[in-house]
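Trainee: Below you will find the structure I want to go over with you.
The values are calculated or read from the model by the stated rules, or taken from the named source; none is laboratory data. Every value quoted in this text rests on a predicted model; they were computed, and no experiment measured them. As a convention, Cβ positions derive from the backbone with ideal geometry for all residues, glycine included, and neighbour counts pool all protein chains shown.
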Amino acid sequence: MTLQERPPAPGKYRLRVEDYLTLDASGAFEGARTELIEGEVIVMSPQYRPHGMAKMALYDALRDALRSIGSPLTPVVEFSLEIDGHSLPEPDIMLTSEPMGEGAVPLASVALVIEVAGPTLASDLGTKARLYATAGVPEYWVADVEAKVIRQMWAPEGEAYAQACEVAFGERIEAATVAGLVVALGL
């Protein structure tokens with residue numbers, strides 16, 4: 001039986017990644033930056049200077065620190081990450097062992113995901129933290145540009161991270177899951 005023969009049940013229709021990509025390719029989201037989170041298309045906030053400067057500072061610090069420790073990881077900015085069949089977020093920064101290739105960054109190659117938060121703080125600490133923990137992303141940071149802190153989370157267990165701490169901008173933050181990785185966000 002096809003969808004045309006049997007109408008869907010009332011409620012929301014949860015998009016699959018392939019549905020989202022088809023809509024995007026057809027121009028359905030033209031002019032808007034979007035991502036797919038748990039089957040829902042999310043229009044992303046504009047990126048103002050505090051957000052952009054924090055992202056650039058983190059990228060530079062991570063790139064330099066990874067080079068200095070000889071890590072095979074590469075920081076990437078705003079690459080899509082296919083979490084599952086219904087989520088294709090675009091984190092601000094990811095550390096991956098597979099930056100090259102076609103399509104989204106493979107989940108298994110990701111060591112750390114970072115979101116820079118302003119108006120998206122509640123979502124980054126709620127929905128996205130749950131999404132990344134459930135997917136088994138080893139470590140997740142939320143750089144809160146208003147409070148000037150990085151909320152560091154690691155040890156995913158079910159829908160949450162079992163370990164967390166908060167580090168003020170300017171202080172050293174040591175990755176819990178990437179040996180030797182230490183940075184300070186000096187903003």
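Trainee: Which of the residues that make up region 117-142 are modelled with pLDDT under 95, within 22 Å of residue 62 (Cα to Cα) and of a type in the set (A, V, I, L, M)?
Mentor: If the condition is that a residue be modelled with pLDDT under 95, within 22 Å of residue 62 (Cα to Cα) and of a type in the set (A, V, I, L, M), then 117, 121 are the ones that fit.
Trainee: How do the pairs read when you match residues in region 17-41 that are surrounded by 17 or more Cβ atoms within 10 Å (Cβ to Cβ) with residues anywhere that are acidic (Asp, Glu), using Cβ under 7 Å and keeping only pairs 6 or more apart or on different chains?
Mentor: As it stands, the answer is 17/82; 35/90, since those pairs meet every condition given.
Trainee: Hey, another quick one. In this structure, is residue 183 at pLDDT 95 or above and out of contact with any Gly (no Cβ under 9 Å at 6 or more places or on another chain)?
Mentor: Here the answer is no, as residue 183 does not meet what is asked.
Trainee: Also, I was wondering about something else. Those residues that are exposed (fewer than 14 other Cβ atoms within 10 Å of the Cβ) and closer than 18 Å to residue 81 by Cβ, I need them from region 131-176; list them, please.
Mentor: 136, 159
Trainee: Here's a follow-up. Would you check which residues across region 94-145 are in contact (Cβ under 8 Å) with a residue 12 or more places away in the chain and assigned to a loop (DSSP other than H, G, I, E, B) and list them?
Mentor: Selection gives 97, 99, 103, 104, 106, 118, 119, 120, 136, 137, 138, 145.
Trainee: Here is a follow-up. Within region 123-158, how many residues turn out to be among the β-branched types (Val, Ile, Thr), closer than 16 Å to residue 185 by Cβ and over 11 Å from the mean Cα position of the chain (by Cα)?
Mentor: Matching residues across region 123-158 total 3.
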